[in-house]
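The values are calculated or read from the model by the stated rules, or taken from the named source; none is laboratory data. A quick note: this is a predicted structure, and the numbers were derived from the prediction, not measured. Ideal geometry is used to build each Cβ from the backbone, glycine not excepted, and the neighbour counts take in all protein chains shown. SASA here: full protein model, heavy atoms, side chains in, ligands and nucleic acids out. Shrake-Rupley method; radii C 1.70, N 1.55, O 1.52, S 1.80 Å.
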Amino acid sequence: MTENKKTKIDFAENLLKQNQYGDAIILLKELNEEFPEEESIILMLSWACYDSGNTEQALKYLNMLLERELKRKVFTGFAFDELVRIYKQQKDFIKLVEICERAAAAQPEDACLLTELGNAYLQSGRAEKACEIYKKLIEIENDNPVYYCSWGEALFAAGLYQESEQAYLKAGEIDSDQSDRYYYKMAVLFQQAQKHDDAERFLKKCLTVNSSNPLYYCSLGDTLVSTGKMQETFDAYDKAVHYDGARAAMYYNRLGNSLMKVGNFLKASDAFKLAITYESAKSYYLSLAEAYRCMGLAEQADVIIREVDKL
């Protein structure tokens, strides 16, 4: 790098640090015309445009760099990484899939690029295509539990629940010391799909591996709320408090909120009262008052509000 070029680049960097994007862009454009093959200048120019709010121009420069990256045997991926980040932020999944497909086609054995492509397919709602990519990753590295989890998530999104279970179970088998983590991921998918019996089944599997994790008890309690098993619900939350008493108020407040969502205001009030016994937080009193109002007990709710005003 010539001394003159280095001086100009340093000056442009200082301008960017001072948020003087307009002047920095003018200088960087001049440098780009003078040194069109210098990719670090184009990358700086794209960042300057992006930080100045001109995302469209930034994307043009990054795509220009991506074209060069795709032609190399060794894929550097600087522009690719930036484009992936921006398209994700913009939720432009069509463009995201497009550049991921191009990158994966240029480097078909690159596991990182295949992972990005699988994720892009999944985010764009193309679960079947995501399944194909994750299956290919497993063929490349069949002892990686992360790939099995990704495959399981894609299979679930495709409606293949039994196959999804098998993928998560395989992940737990590979990483047996932390199998509960993979069971929990499966449980969360079932919870999100309102398949509470299956969620309960996997949460109990979590607890057979790690019986002292309060998160698992709280999640189990939330699932039991949805199936109407009130005694078991409170028992699960009591267990969470047993293993993590410092967060007792937070746990019972969470339980109260879960019960409010399903319209069980009486039991929700019991949960909020338990939270208050551990911590006299204003938000817990307000939640208790709301539970009373939902039960038609406006006078009792008003009493609570007056108590809150004294805190």
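When the chain is fully extended, how far beyond the present Cα-Cα distance does Ile94 get from Asn14, taking 0.36 nm per residue of separation?
Gain in length upon complete extension: 25.2 nm.
Using r as the Cβ-Cβ distance of Glu128 and Val74, and R0 as 25 Å, what FRET efficiency do you calculate, to the nearest 0.05?
0.20
Compare Met186, Met260, Met250, Met64 by solvent-accessible area with a 1.4 Å probe and give them largest first, with all protein chains kept in place.
Result, largest first: Met250, Met64, Met260, Met186.
What's the FRET efficiency of Ala298 with Leu215 using the Cβ-Cβ distance as r and R₀ = 41 Å, to the nearest 0.05?
0.70
Angle check, please: helix 179-192 long axis (alpha carbons) against the longest principal axis of the chain (alpha carbons), in degrees 0 to 90, nearest 10.
80
Using a Förster distance of 30 angstrom, determine the FRET efficiency expected from the C-beta separation of Asn4 and Glu109, and round it to 0.05.
Efficiency for this residue pair is about 0.10.
Just tell me which lysines come within less than 29 Å, Cα to Cα, of Lys6; anything on the same chain fewer than 8 places away is out.
The qualifying lysines are Lys17, Lys29, Lys60, Lys71, Lys73.
Per residue, how much accessible area does the range 113-214 show when a 1.4 Å probe rolls over the protein heavy atoms, in square angstrom?
It amounts to 48 Å² per residue over the range 113-214.
So for the pair Glu279, Asp81, with labels modelled 7 Å out along Cα→Cβ, what separation do we get in nm?
3.8
Under a point spin-label approximation (7 Å from Cα along Cα-to-Cβ), what is the Asp177-Glu232 distance to one decimal in nm?
Taking the simple label geometry, Asp177 and Glu232 are separated by 3.3 nm.
Using Cα atoms only, what is the angle between the long axis of helix 161-174 and the major principal axis of the chain, expressed in degrees (0 to 90) to the nearest 10?
Computed tilt is about 80 degrees.
Based on the mean of other beta carbon atoms within 10 Å per residue, what is the order of 199-209, 5-15, 140-150, most packed first?
Packing order, densest peptide first, comes out as 199-209, 140-150, 5-15.
Once you order the gyration tensor axes a ≥ b ≥ c over the Cα atoms, which shape class does the range 46-189 get: rounded for a/c under 1.5, otherwise prolate or oblate by comparing a/b with b/c?
prolate
Give the average over all directions of the projected area of the C-alpha convex hull of the chain, one decimal, in nm².
22.4
Mind checking which lysines have their Cα closer than 24 Å to the Cα of Lys195? Skip sequence neighbours fewer than 8 apart in that chain.
Excluding near neighbours in sequence, the set is Lys170, Lys185, Lys204, Lys205, Lys229, Lys239, Lys261, Lys267.
Per residue, how much accessible area does the range 1-61 have with a 1.4 Å probe, in Å²?
The answer is 59 Å² per residue.
Can you tell me which lysines have their Cα less than 18 Å from the Cα of Lys282? Leave out same-chain residues fewer than eight positions away.
Lys273, Lys310
Evaluate the distance, in nm, between pseudo-label points positioned 7 Å from the Cα of Lys135 and of Glu34 along their respective Cα→Cβ axes.
Computed distance between label sites Lys135 and Glu34 equals 5.6 nm.
Using a cut-off of under 15 Å, list every residue of the range 9-39 whose amide N is near the label point 7 Å from the Cα of Met64 along the Cα-to-beta-carbon line.
25-39
From the phi angles alone, apply the Karplus equation (6.51, -1.76, 1.60; θ = phi - 60°) to the range 233-238 and give each ³J(HN,Hα) in whole Hz, x where the residue is Gly or Pro.
4, 5, 4, 5, 5, 4
Quick check: at a probe of 1.4 Å, how many percent of the accessible area of the chain sits on carbon and sulfur atoms?
Carbon and sulfur: 49 percent of the exposed surface of the chain.
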